[in-house]
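The values are calculated or read from the model by the stated rules, or taken from the named source; none is laboratory data. Bear in mind the structure is a predicted one, so any value in this text is a computation, not a measurement. Glycine gets a Cβ as well: all are built from the backbone with ideal geometry, and neighbour counts include every protein chain shown.
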Amino acid sequence: MIGLIDAITNEDEKVFVVGHDWGALIAWSLCMFRPDRVKALVNLSVVFVPWNPNGDLEEMLRREYGDDHYMTRFQKPGEIEAEFAKLSYQTLMKTLLTTRDPGPLYFPKGFADSLPDAPVTLPPWLSEEDVEYFASQYEMAGITGGINYYRALHLSWELTSAWRGAKVMLLSLEDVIFDWSKLMIFSFIGST
């Protein structure tokens, strides 16, 4: 991340970081490891998870959500790829991008065989061209690279052990010293 930030900013310039889902975990880590490069952070969907020396993240997910949770299903190399291979990349993208269930994402064994054959109605913000673009990118690169990130949970946990007890040092909306007037000015300027 620092290499990317260095490539697109001036030396020592701070950035406004927005993270979502797995990207939120990366954003939290960036703020913890290099607070000198972060101006502000907005994270969606994933809270900060401090390092836990007694916790096996994969096992905690399995206990909490079961064997069909996507992160536990992604652990065995080749298994989920074989399920996804039963679908066209277009069907896979439409299914993933139009899922409206607010709960955890599950991929039970055999899920690809149980998807309805009915056409998927796309929401207004997603076009057939968008789906084709995403599908073509996955078709070109494959899906294993992205899934391998989940397979590296143990390694990521181990590599961050030096930061046990570290805190994310950014202001929160609930901090006593947070100045709402500056937020309103920033929001107004940003919306013009």
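Out of curiosity, is residue 71 within 18 Å of residue 148 (Cβ to Cβ), among the aliphatic types (A, V, I, L, M) and at pLDDT 90 or above? Yes, satisfied.
Taking the criterion of being exposed (fewer than 12 other Cβ atoms within 10 Å of the Cβ) and touching a strand residue (DSSP E or B) at 6+ places or on another chain (Cβ under 8 Å), the residues of the range 5-39 that qualify are 16, 39. Among the conditions (1) surrounded by 12 or more Cβ atoms within 10 Å (Cβ to Cβ); (2) modelled with pLDDT of 85 or more, residue 114 misses just one, which is (1). Residue 2 falls short on exactly one of the conditions (1) among the β-branched types (Val, Ile, Thr); (2) surrounded by 15 or more Cβ atoms within 10 Å (Cβ to Cβ); (3) modelled with pLDDT of 85 or more, and that condition is (2). With respect to (1) closer than 18 Å to residue 146 by Cα; (2) in contact (Cβ under 8 Å) with a residue 24 or more places away in the chain, the lone exception for residue 40 is condition (1). Condition first: surrounded by fewer than 16 Cβ atoms within 10 Å (Cβ to Cβ), in contact (Cβ under 8 Å) with a residue 12 or more places away in the chain and assigned to a helix (DSSP H, G or I). Can you find one or more residues in the range 71-80 that meet it? The answer is no; no qualifying residue exists. What about residue 126, is it hydrophobic (A, V, I, L, M, F, W, C), surrounded by 12 or more Cβ atoms within 10 Å (Cβ to Cβ) and within 16 Å of the chain's Cα centre (by Cα)? Taking the combined requirement at face value, the residue does not satisfy it. Residue selection: residue 122 satisfies the criterion of being touching a Ser or Thr at 6+ places or on another chain (Cβ under 7 Å) and either modelled with pLDDT of 90 or more or in a loop (DSSP other than H, G, I, E, B) (or both). Only one of the listed residues (186, 178) is part of a helix (DSSP H, G or I), outside the structural domain of residue 57 (by TED's automatic domain parsing) and either of a type in the set (Lys, Arg) or modelled with pLDDT under 90 (or both). That residue is 186. Filtered by the rule that a residue be at pLDDT 90 or above, closer than 22 Å to residue 145 by Cβ and not aliphatic (A, V, I, L, M), the range 5-22 gives 19, 20. Listed conditions (1) of a type outside the set (Ser, Thr, Tyr); (2) modelled with pLDDT of 85 or more; (3) exposed (fewer than 12 other Cβ atoms within 10 Å of the Cβ); (4) not assigned by TED's automatic domain parsing to the domain that holds residue 108 are all met by residue 64, apart from (4). Can you pull out every residue in the range 80-127 that is among the acidic types (Asp, Glu) and touching a Lys or Arg at 6+ places or on another chain (Cβ under 9 Å)? Listed by number, the residues that qualify are 83, 113.
Among the candidates 40, 82, the residue that is at pLDDT 90 or above and among the aliphatic types (A, V, I, L, M) is uniquely 82.
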